[in-house]
Amino acid sequence: MESMTHRLTQYAHGGGCACKIPPGELEEVVRGLTHAAPVNPAGELLVGLEDGDDAAAVRIEGGIALIATTDFFTPVVDDAYDWGRIAATNALSDVYAMGGRPVVAVNLLGWPRDVLPFELAAETLRGGMDVCVQAGCHLAGGHSVDDPEPKYGLAVTGIADPERLLRNDAGRPGVPLSLTKPLGIGVLNSRHKNTGERFEEAIAVMTTLNAAASAAALEAGVECATDVTGFGLLGHLHKLARASGVTAVVDAAAVPYLDGAREALRDGYVSGGTRRNLDWVRPHVDLSVGEDEALLLADAQTSGGLLIAGEIPGAPVIGELIPRTEHTIIVR
């Protein structure tokens, strides 16, 4: 296969959500862009830039919330089909993290046309298509550019009940915190990029839709959630706690990890994105764990699970929300 002769991760400077612009730098970029109201808008903006939530939400005619999001990144695995599946699953996750259902998506493809064969691009797109079929989401067209690095993702439109959105600013003291997928994707992907070792469990986790978790959260009456991706558990939890005006207490021993994650950390496979995540949240976190544990908690995930303020079947409780203290997160 072409994917065996072209290791896609070697054609990119980073991989997956670890390539995100660091959260502190990103917040500076978008600062001041939250108050520009359009002329004669077609709907009411319910969720925008203010708290860095997972997607935008607009109430439109008929009592429906329209959910809009986009996500794309460089290869996180060497196999083109798997990369397509992972990128599509990750993009759809933002809709599920808002309590929505994806309706239609379009492809976003950057391709080094003089470097990599188009057969690999076709495999990438096939992976994205198969995930959208599974999700019940139309995949209709898209846009492509000639790019020095391969990049792929989706722009997704979904729908939700505007009165039952999952938001990152709706956390309340006394509510438990649950996590629906194990951590460790980042360090395992870093190991894969450096050694070529394939981690089947990590691929299975990254290609598991958050649809069931989102539906279970809504069924349980949950109001607050986010997904855990490039900013790591600590980064996304900091944003949730900050937006909600609470402090999150994390029981480090209760956090689940993929097999091999600790060994990958021990062997030094830590991305620059993970280290930047930890640097960003460190001033806001009371850390009573060692540096290695802190790095795992800040590990840059790709297509991670939902972090839910509430309990759902099958998801471990990893902490709770309490009234605001001097820190947004306390790790014990």
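The values are calculated or read from the model by the stated rules, or taken from the named source; none is laboratory data. Only a predicted model underlies this, so the values are computations on that prediction, with no experimental measurement involved. FYI the Cβ positions are ideal-geometry reconstructions off the backbone, even for glycines, and counts take in every protein chain you see.
A quick yes/no check of all residues on (1) modelled with pLDDT of 95 or more; (2) out of contact with any helix residue (DSSP H, G or I) (no Cβ under 9 Å at 6 or more places or on another chain); (3) not polar (S, T, N, Q):
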{"site": "Gly100", "(1), (2), (3)": "yes, no, yes"}
{"site": "Leu108", "(1), (2), (3)": "yes, no, yes"}
{"site": "Pro112", "(1), (2), (3)": "yes, no, yes"}
{"site": "Ala121", "(1), (2), (3)": "yes, no, yes"}
{"site": "Asp146", "(1), (2), (3)": "yes, yes, yes"}
{"site": "Val156", "(1), (2), (3)": "yes, no, yes"}
{"site": "Asp161", "(1), (2), (3)": "yes, no, yes"}
{"site": "Thr180", "(1), (2), (3)": "yes, no, no"}
{"site": "Gly186", "(1), (2), (3)": "yes, no, yes"}
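Could you run through the stretch 170-189 and say how many residues are out of contact with any strand residue (DSSP E or B) (no Cβ under 6 Å at 6 or more places or on another chain) and closer than 13 Å to Ala248 by Cα? Number satisfying all stated conditions: 2. For the stretch 177-207, taking the residues that are in contact (Cβ under 8 Å) with a residue 40 or more places away in the chain and touching a Lys or Arg at 6+ places or on another chain (Cβ under 7 Å), the one that is nearest to Ser93 (Cα to Cα) is identified as Thr207. Within the stretch 191-212, the set of residues being among the aliphatic types (A, V, I, L, M) and more than 14 Å from the chain's Cα centre (by Cα) comprises Ala202, Ile203, Ala204, Ala212. Does Asp292 satisfy being at pLDDT 95 or above, over 15 Å from Val331 (Cβ atoms), of a type outside the set (A, V, I, L, M, F, W, C) and assigned by TED's automatic domain parsing to the domain that holds Ile203? In short, no.
Restricting the stretch 71-102 to residues that are part of a loop (DSSP other than H, G, I, E, B) and of a type in the set (Gly, Ala, Ser) leaves a set whose member that is surrounded by the fewest Cβ atoms within 10 Å (Cβ to Cβ) is Gly99. Comparison of Gly268, Gly304 shows that the only residue that is assigned to a loop (DSSP other than H, G, I, E, B) and crowded, with 23+ Cβ neighbours inside 10 Å is Gly304.
Test Gly174 against the criterion of being at pLDDT 95 or above, surrounded by fewer than 14 Cβ atoms within 10 Å (Cβ to Cβ) and more than 15 Å from Ala91 (Cβ to Cβ), and give yes or no. Let's see the steps before the verdict.
Working: at pLDDT 95 or above: yes; surrounded by fewer than 14 Cβ atoms within 10 Å (Cβ to Cβ): yes; more than 15 Å from Ala91 (Cβ to Cβ): yes.
It is true that Gly174 is at pLDDT 95 or above, surrounded by fewer than 14 Cβ atoms within 10 Å (Cβ to Cβ) and more than 15 Å from Ala91 (Cβ to Cβ).
Residue under question is Pro283, and the condition is that it be in a loop (DSSP other than H, G, I, E, B) and loosely packed, with under 14 Cβ neighbours inside 10 Å; does it hold? No: the conditions fail for Pro283.
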